[in-house]
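First up is the structure itself, then whatever we jot down about it.
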Amino acid sequence: MNIPQSSNPRIVIIGGGFAGIALAKQLRNKNVQVVLLDKHNYHTFQPLLYQVATGGLEAGSIAYPIRKVIQEFDDFYFRLTSVKEIDTENKKVIAEIGDLSYDYLVIATGSKTNYFGNKDIERNSMAMKTIPQSLNIRSLILENFEQAVLIKDSAEKNSLINFVLVGGGPTGVELAGALAEMKREILQKDYPDLDIAKMEINLVQGGDRILDSMSEKSSQEAEKFLINLGVKIWKNVRVTNYDGRTITTNSDLTFETATVIWTAGVKGAIVAGLDAQSLVENVKRIRVNPYNQVIGYDTIFALGDIAMMELEDYPRGHPMMAQPALQQGKLLGENLARLLAKQPMEAFKYNDKGSMATIGRNKAVVDLPHYQFSGVFAWFVWMFVHLFSLIGFRNKTVVFLNWVYNYIRFDREGRLIIRPFKKKSFVAFTSDEV
């Protein structure tokens, strides 16, 4: 990988997400050599991916160059590559661009969409975990409407403007709200020759309530907001298959749709090479101790979504969200410095700062440790927290100006088909997938 030799211990970080970036920042000027590996050259602010998918923001607004994060850090290096395997015996990372030895290794590869083994759903539905995937969804949504104006058959036309979102967590709820606002304020103007009233937004949830990781009060408020926006919510319904046209469920309920967006689950993005005892197979996460050390290894650590720290308060690990990743990354930076100084490490203790979700204009729900609220104030809190969390002054400014413009004009000017995406599985679409 053409990394120079150093008198400092080498720490290799796999992944430039929330955890990896937090750790890298904490290791600045700590007398270590740091090599950060990622298959993208940018950090993605994933909580706003749904706004890229629905035209509210451009992709560059929620991405930040990794090299810019570390450009003023001494003995820091970035390499653009995918990691294929970890050679734990020889303490090497095996990547597409070559091998790299390490003194300490940190796995912060995050998570990916979990289809629970259903290959048809994986093949025919859309995921939204990366910027390219969000751009694909945006293109597909708009192309569906462009195709619908050309079709006379009502059943086929309706399937093109019928959307099914599977999974009632924050991603599914926020995406449903954004699509509903597009239907109400934008699409009827863009496509006056379509009966936009026939557009359906269906949110399918396997459990008995949406936002089941939040309080029951917030769940109920979010459901009320969505229903008022015209979203159809189907609870206690589990999707069993999707062939590109028809969704089947565990009941008699079916949907005819050309667009299914799958947000029903995630699993860890495992890197090969670790012993089986270190892995939790069903969720593809790595077992770690309270210091984020991988079970069975002294010099390998795991952070964020990929890490399963089984504690009394969190028997199934911490929630796969940004806050645990950020907090673990920061603490591990301090602990690695302690480890190199032969001092005892500090155990991780999660500080739950709360959770939130936005359903649309002036509509959000917020859960704080001892207080829940919703409505306009919650929406402003949601905006402030997300703006503050973005990396880079430019990104903060661009996102803020976009939100102000969209609020005043009831518009989303990012509804551009920059890179066409057409699904092979739907007969109306014939060009190759990008």
In the range 45-76, the residues that are over 26 Å from Leu23 (Cα atoms) and of a type in the set (Gly, Ala, Ser)
Ala53, Gly55, Gly56
Unmet criterion (only one of (1) modelled with pLDDT under 90; (2) among the acidic types (Asp, Glu); (3) open to solvent by less than 70 Å² (accessible area, probe 1.4 Å)) for Glu413:
(3)
Would you confirm, using the coordinates I've provided, whether Leu105 is within 26 Å of the chain's Cα centre (by Cα) and either among the β-branched types (Val, Ile, Thr) or outside any helix (DSSP H, G or I) (or both)?
yes
Being more than 18 Å from Gly56 (Cβ to Cβ), over 21 Å from the mean Cα position of the chain (by Cα), of a type outside the set (S, T, N, Q) and assigned to a helix (DSSP H, G or I) is true for just one of Glu185, Glu221, Glu181. Which residue is that?
Glu221
Among the residues in the range 249-268, are any open to solvent by 30 Å² or more (accessible area, probe 1.4 Å), more than 21 Å from Asn136 (Cα to Cα) and within 21 Å of the chain's Cα centre (by Cα)?
yes
Taking the range 197-210, which residues are more than 23 Å from Met320 (Cβ to Cβ) and either open to solvent by less than 10 Å² (accessible area, probe 1.4 Å) or of a type in the set (Lys, Arg) (or both)?
Lys198, Met199, Ile201, Asn202
Subset of the range 284-298, residues more than 21 Å from Ser82 (Cα to Cα) and either assigned to a loop (DSSP other than H, G, I, E, B) or of a type in the set (Gly, Ala, Ser) (or both), comes to Asn289, Pro290, Tyr291, Asn292, Ile295, Gly296, Tyr297, Asp298
For the range 356-389, which residues satisfy the criterion of being open to solvent by 30 Å² or more (accessible area, probe 1.4 Å) and small (Gly, Ala, Ser)?
Ser374, Ser389
Looking at Ile14, Ile3, can you tell me which residue is buried (at least 20 other Cβ atoms within 10 Å of the Cβ) and not hydroxyl-bearing (Ser, Thr, Tyr)?
Ile14
Taking interchain pairs and intrachain pairs at least six residues apart, which have beta carbon atoms under 7 angstrom, with the first residue in the range 99-122 and hydrophobic (A, V, I, L, M, F, W, C) and the second open to solvent by 60 Å² or more (accessible area, probe 1.4 Å)?
Leu100/Lys92
Pick from Gly333, Gly329, Gly296, Gly268: which is at positive phi and not β-branched (Val, Ile, Thr)?
Gly296
Only residues that are under 30 Å from Ile306 (Cα atoms) and surrounded by fewer than 21 Cβ atoms within 10 Å (Cβ to Cβ): list them for the range 238-248, please.
Arg238, Thr240, Asn241
Being closer than 17 Å to Ala176 by Cα and part of a loop (DSSP other than H, G, I, E, B) is the filter here; which residues of the range 238-270 pass it?
Thr257, Ala258, Thr263, Ala264, Gly265
Does Ser213 qualify as being closer than 30 Å to Gly375 by Cα, in a loop (DSSP other than H, G, I, E, B) and open to solvent by 50 Å² or more (accessible area, probe 1.4 Å)?
yes
Scanning for something more than 30 Å from Leu105 (Cβ to Cβ) and of a type in the set (Val, Ile, Thr), does the range 262-281 turn up at least one residue?
yes
Give me the residue from the range 44-59 that is open to solvent by less than 20 Å² (accessible area, probe 1.4 Å) and of a type in the set (S, T, N, Q) and, out of that set, farthest from the chain's Cα centre (by Cα).
Thr54
Do you know which residues across the range 103-144 are buried (at least 20 other Cβ atoms within 10 Å of the Cβ) and of a type in the set (Phe, Trp, Tyr)?
Tyr104
Hey, Glu85 closer than 29 Å to Leu340 by Cβ, open to solvent by 20 Å² or more (accessible area, probe 1.4 Å) and part of a loop (DSSP other than H, G, I, E, B) or not:
no
Identify all residues within the range 52-68 that are among the hydrophobic types (A, V, I, L, M, F, W, C) and closer than 26 Å to Arg28 by Cα; write none if there are none.
Ile62, Ala63, Ile66
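The values are calculated or read from the model by the stated rules, or taken from the named source; none is laboratory data. Fair warning: this is a prediction, and the values are worked out from it, not measured in the lab. Using ideal geometry, Cβ is built from the backbone for each residue, glycine included, and neighbour counts are taken over all protein chains shown. Note: accessible area is taken over every heavy atom of the protein model, side chains too, but ligands, DNA and RNA are not part of it. Shrake-Rupley method; radii C 1.70, N 1.55, O 1.52, S 1.80 Å.
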